[in-house]
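**Q** This is the structure I have questions about; it appears just below.
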Amino acid sequence: MIVVKIGGSVICKDPSRAVADLARYAGEAIAIHGGGCAVNELLRSLGIQPKYLTHPGGVTSRYTDAETLKAFVMAMSWINKSLVASLAARGVVAVGLTGADGWVVKAKRKERVLVVDERGRQRVVDGGYSGRIVDVDVKALSPPPLKVLAPIALSDKGELLNVDGDQIAFEVASRLRAKLVILSDVDGVMIGGRVVERLGPEEAEALAKSEEVKGGMKRKLLAAAEAAKNGVETAIYNGLVDSPIEKALSGLGTHIIPK
Ligand SMILES: Nc1ncnc2c1ncn2[C@@H]1O[C@H](COP(=O)(O)OP(=O)(O)OP(=O)(O)O)[C@@H](O)[C@H]1O
Ligand SMILES: [Mg+2]
C-alpha cells in the first residue's frame with residue numbers, strides 16, 4: 001500500500017500529472033490532498049484576510065476561526081470533488097471524502113496553542129477550529145475503491161476541524177506501515193541549492209531546525225522523522241513533473257528512511 005499526499009502547491013499550480021499517476025496506482029493507494037492556496041483565494045474573495053500563527057521553533061499554521069473554517073470546508077470540498085472528477089476522466093472510480101464522512105478521521109480541537117508573537121514573546125492563544133488527530137479508520141480508507149481524503153476531521157463534540165494534510169498522511173501511513181509519497185512543488189528538501197537524497201530520522205529532525213528549511217517543509221521533515229521512527233519511509237518529491245509517484249518510488253526526491 002502507498003499513501004500519496006498531493007500538496008496544495010500542486011493542486012493550485014497543476015494537479016494533472018499527479019492525478020494521472022495516481023490513477024495508475026488506484027488499486028494500491030490512499031490519497032490525501034491539501035489546498036491552502038485555494039482556501040486563501042476563497043477567503044480573499046470573501047474579503048477575509050488569511051490568518052497564520054507562528055509556533056516556537058518557527059513552524060507556522062493557519063488560524064482557523066469560525067468563518068475561516070467555513071471557507072476551508074468549501075474550498076477543500078471543491079478540490080476533493082474536482083480530483084474525483086479528474087480521476088473519473090481517466091476511468092478510475094474514486095470515492096472523495098473528508099475525515100468527517102464516516103468519521104474516518106477523529107480529532108480533538110486544540111483548545112490552546114503556544115505561539116510566538118510579533119515581539120518574539122511566547123503566548124498561549126485559543127486554538128480555533130484546528131485539530132489534533134485522535135484516530136483514523138484505515139480500514140475504511142483502504143482500496144478498492146480509491147479514496148481521496150480532504151484534510152478535515154471531526155471531533156466527538158461534532159466540530160469540523162482543520163487538520164494538516166501532511167499529518168493525516170503520516171498518520172495513515174504509520175498505521176498501515178505503508179510507504180508515503182509527499183508531492184509538493186519542489187524536487188525535495190533543498191539545501192545549498194541541491195536536493196538532499198537520504199536522511200535518517202535524527203538527521204531529518206536536525207535539518208528541520210536549519211535556517212534553510214522553512215514553513216511547510218519544516219513541518220514535513222519533523223513528521224517524516226516521527227514516521228521513520230515508526231518504520232515508515234517517506235519520499236518528498238515534485239508533483240508537477242510527469243509520473244511523479246513512480247519517480248518518487250524509484251528513488252527520486254528526498255527519502256527519510258527508518259534506521
Ligand atoms: N529547504 C527547503 N527545501 C524545499 N522546500 C522548502 C525548503 N524550505 C521551505 N520550503 C518550501 O516548502 C514548500 C512546501 O510546503 P508547503 O506546505 O508550502 O506546500 P504543500 O504541503 O505542498 O501544500 P499544502 O500545505 O497546501 O498541502 C515549498 O513550496 C518550498 O517553498
Ligand atoms: Mg503544507
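**Q** Is it the case, given these coordinates, that LEU252 is more than 22 Å from SER61 (Cα to Cα), open to solvent by 10 Å² or more (accessible area, probe 1.4 Å) and among the hydrophobic types (A, V, I, L, M, F, W, C)?
**A** Values: more than 22 Å from SER61 (Cα to Cα): yes; open to solvent by 10 Å² or more (accessible area, probe 1.4 Å): yes; among the hydrophobic types (A, V, I, L, M, F, W, C): yes.
So LEU252 passes the test.
**Q** Separate question: Quick one: which of VAL186, VAL134, VAL125, VAL181 is over 17 Å from the mean Cα position of the chain (by Cα), outside any helix (DSSP H, G or I) and either away from ligand 2 (no atom under 16 Å from the Cβ) or at pLDDT 95 or above (or both)? Give the steps one after another, and end with the answer.
**A** Details: VAL186 fails: over 17 Å from the mean Cα position of the chain (by Cα); VAL134 fails: over 17 Å from the mean Cα position of the chain (by Cα); VAL181 fails: over 17 Å from the mean Cα position of the chain (by Cα).
Just one listed residue meets the conditions, VAL125.
**Q** Taking the criterion of being farther than 20 Å from VAL105 by Cα and either buried (at least 21 other Cβ atoms within 10 Å of the Cβ) or within 15 Å of ligand 1 (Cβ to nearest atom) (or both), would at least one residue in region 151-161 satisfy it? I'd like the intermediate steps shown before the answer.
**A** Just the residues of region 151-161 that are farther than 20 Å from VAL105 by Cα, to begin with: none.
No: zero hits.
Conditions tested, residue by residue: (1) of a type in the set (Phe, Trp, Tyr); (2) within 19 Å of GLY34 (Cα to Cα); (3) open to solvent by 30 Å² or more (accessible area, probe 1.4 Å).
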position	(1), (2), (3)
SER61	no, yes, no
PHE72	yes, yes, no
SER82	no, yes, yes
GLY91	no, no, yes
GLY99	no, yes, no
ARG112	no, no, yes
GLY120	no, no, yes
ARG123	no, no, yes
ASP126	no, no, yes
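**Q** Let me ask another. Restricting to region 194-211, and then to whatever is at pLDDT below 95 and open to solvent by 40 Å² or more (accessible area, probe 1.4 Å), can you tell me which residue is nearest to ligand 1 (Cβ to nearest atom)?
**A** The extreme case among them is GLU211.
**Q** For the structure I just gave you, tell me whether ALA169 is touching a residue at least 60 places away in the same chain (Cβ under 8 Å) and in a helix (DSSP H, G or I). Give the steps one after another, and end with the answer.
**A** Working: touching a residue at least 60 places away in the same chain (Cβ under 8 Å): yes; in a helix (DSSP H, G or I): yes.
It is true that ALA169 is touching a residue at least 60 places away in the same chain (Cβ under 8 Å) and in a helix (DSSP H, G or I).
**Q** Suppose the filter is open to solvent by less than 20 Å² (accessible area, probe 1.4 Å), of a type in the set (S, T, N, Q) and more than 14 Å from ligand 1 (Cβ to nearest atom); does THR68 pass it?
**A** It is true that THR68 is open to solvent by less than 20 Å² (accessible area, probe 1.4 Å), of a type in the set (S, T, N, Q) and more than 14 Å from ligand 1 (Cβ to nearest atom).
**Q** Show me the helices (runs of 4 or more DSSP H) found entirely inside region 1-108 where at least 2 residues are under 19 Å from the mean Cα position of the chain (by Cα) and within 16 Å of ligand 2 (Cβ to nearest atom).
**A** Working: elements: 8-13, 16-24, 36-45, 66-89.
Passing ranges, in order: 8-13, 36-45, 66-89.
**Q** The conditions are (1) surrounded by fewer than 21 Cβ atoms within 10 Å (Cβ to Cβ); (2) within 16 Å of ligand 2 (Cβ to nearest atom), and ALA169 fails exactly one of them. Which is it?
**A** In the conditions (1) surrounded by fewer than 21 Cβ atoms within 10 Å (Cβ to Cβ); (2) within 16 Å of ligand 2 (Cβ to nearest atom), ALA169 misses (1) alone.
The values are calculated or read from the model by the stated rules, or taken from the named source; none is laboratory data. Computed from a predicted structure; not experimentally measured. Glycine also receives a Cβ, built like all others from the backbone with ideal geometry; neighbour counts cover every protein chain displayed. Please note that ligands, DNA and RNA were not included when accessible areas were found on the heavy atoms of the full protein model with its side chains. Shrake-Rupley method; radii C 1.70, N 1.55, O 1.52, S 1.80 Å.
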